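*Asks:* First the structure, which I've put down as structure tokens, then a few questions once you've had a look.
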Amino acid sequence: MKNVVIFASGSGTNAENIMVHFQNHPFVKVVAVFCNNEKAKVTEKAKKWNVDTEIFSKTNLNEGKVLERLNTYHPDLIVLAGFLLQLPTAIIYQFPNKIINIHPALLPKYGGKGMYGNHVHQAVLDNKENETGITIHFVNENYDEGEFIFQKTVDIKECSSIEEIATKVHQLEYEYFPQIIFEILNLKS
């Protein structure tokens, strides 16, 4: 059995999609959701799917307490799904090529600190892009600069709002994120 730990900060739509996808999987188990916001909806979703929840502060993250708790779950893969804080280098170095993130754009465009969710979609709309997409990448010390694992594009020529763009991007996320997680874990076996 391969253990997956999810880090999330908000509503948890991607996190829940991953939990549902692997709920009764014979090979992969989501063992915990780590969240830096006790009011985030992702914590309710984790409870709904009987996944352990770890709530922590930014101080706990930076002082190594999160790393201590993380080690108790023996993760084979750590998945950032709407996690808005930067992971400390201690976590990144302890889990090389075992931490992935999904970004709602075609990196290297529209990446970096502060570029998440609707901020990304607004920038894409403002720049009159004809396409956008998702990027799944390994996590390193810099926001959105890790090695790319997977990218998928979607046509947005007909989109006139960030909501329309977000809907198309979410469809890609829901379809491909669990699939890529499985492929990464399968390669690590």
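*Asks:* Of (1) 16.7; (2) 18.0; (3) 18.7, which is the value of Kirkwood radius over Cα pairs in Å derived from the coordinates here?
*Replies:* Entry (1).
*Asks:* Let me ask something else. I need the trypsin sites (Lys or Arg not before Pro) found in the stretch 80-166, filtered to DSSP loop residues with at most 13 other beta carbons within 10 Å of theirs. Write out the running numbers ahead of the final one.
*Replies:* Details: sites: 98, 109, 113, 128, 152, 157; in loops: 98, 109, 113, 128, 157.
Here the trypsin sites (Lys or Arg not before Pro) that fit, given the DSSP loop and packing criteria, are 113, 128, 157.
*Asks:* Quantify how much of the Cα-Cα distance distribution of the stretch 116-158 extends past 14 Å, in percent.
*Replies:* 57 percent
*Asks:* Let me make sure I get this right: for the stretch 77-131, a, b and c are the square roots of the gyration tensor eigenvalues over alpha carbons, sorted descending. Under 1.5 in a/c it's rounded, otherwise prolate if a/b > b/c, else oblate. Which is it? Present the calculation step by step, with values, prior to reporting the outcome.
*Replies:* Values: a/c = 3.00, a/b = 2.49, b/c = 1.21.
Verdict is prolate for the stretch 77-131.
*Asks:* Pick from 135, 13, 89 the residue whose mean-square fluctuation is largest in a GNM of the chain, springs joining Cα atoms under 10 Å.
*Replies:* Highest fluctuation of the listed residues: 89.
*Asks:* Any chance you could run the full-extension gain for residue 44 through residue 119? It's 0.36 nm times the residue separation minus the Cα-Cα distance, nm to one decimal. Please report the intermediate quantities before stating the final value.
*Replies:* Working: separation 75, 0.36 × 75 = 27.00 nm, distance 2.51 nm.
Fully extending the segment from residue 44 to residue 119 adds 24.5 nm.
*Asks:* Need the full-extension length gain, residue 63 to residue 11, defined as separation in residues times 0.36 nm minus the C-alpha distance. One decimal, nm.
*Replies:* Details: separation 52, 0.36 × 52 = 18.72 nm, distance 2.57 nm.
Full extension of this stretch gives 16.2 nm more.
*Asks:* May I pose another question? Would you mind telling me the antiparallel percentage of the DSSP bridges in the chain, rounded to 5? Could you put the intermediate results ahead of the total?
*Replies:* Details: 11 of 29 bridges.
Of the beta bridges lying entirely in the chain, close to 40 percent run antiparallel.
*Asks:* Follow-up. Which shape class, rounded, prolate or oblate, goes with the stretch 1-80 when its Cα gyration tensor gives a ≥ b ≥ c as root eigenvalues, a/c under 1.5 marks rounded, and past that a/b bigger than b/c marks prolate?
*Replies:* Working: a/c = 2.32, a/b = 1.26, b/c = 1.84.
Oblate shape, in that a/c is at least 1.5 and b/c is the bigger or equal ratio.
*Asks:* Based on DSSP loop calls and a cut-off of at most 15 other Cβ atoms within 10 Å, the longest stretch of the chain free of exposed GluC sites (Glu not before Pro) is what? Let's see the in-between values first.
*Replies:* Working: sites that count: 38, 63, 141, 145, 147, 158.
No qualifying site falls inside 64-140, the longest such stretch.
*Asks:* Mean Kyte-Doolittle of at least 0.0 and a Cα length of 20 Å or more along the axis: which whole DSSP H helices of the chain meet both? Each step should come with its number before you reach the end.
*Replies:* Working: long enough: 162-187 (36 Å, 0.21).
Membrane-span-like by this rule: 162-187.
*Asks:* Within the stretch 4-84, report the trypsin sites (Lys or Arg not before Pro) that DSSP leaves as loop and that have at most 10 other Cβ atoms within 10 Å.
*Replies:* Details: sites: 29, 39, 41, 45, 47, 48, 58, 65, 69; in loops: 39.
Hits after loop and neighbour filter: 39.
*Asks:* Roughly how far apart, in whole Å, are the Cα centres of the stretch 167-189 and the stretch 30-60?
*Replies:* The two parts, judged by their Cα centres, are 21 Å apart.
The numbers here are math on the coordinates, done by the rules we state, and not lab data. Since the model is a prediction, treat every value here as computed from it, not as a measurement. Cβ coordinates were reconstructed from backbone atoms using ideal geometry, including for glycine residues, and neighbour counts include every protein chain displayed.
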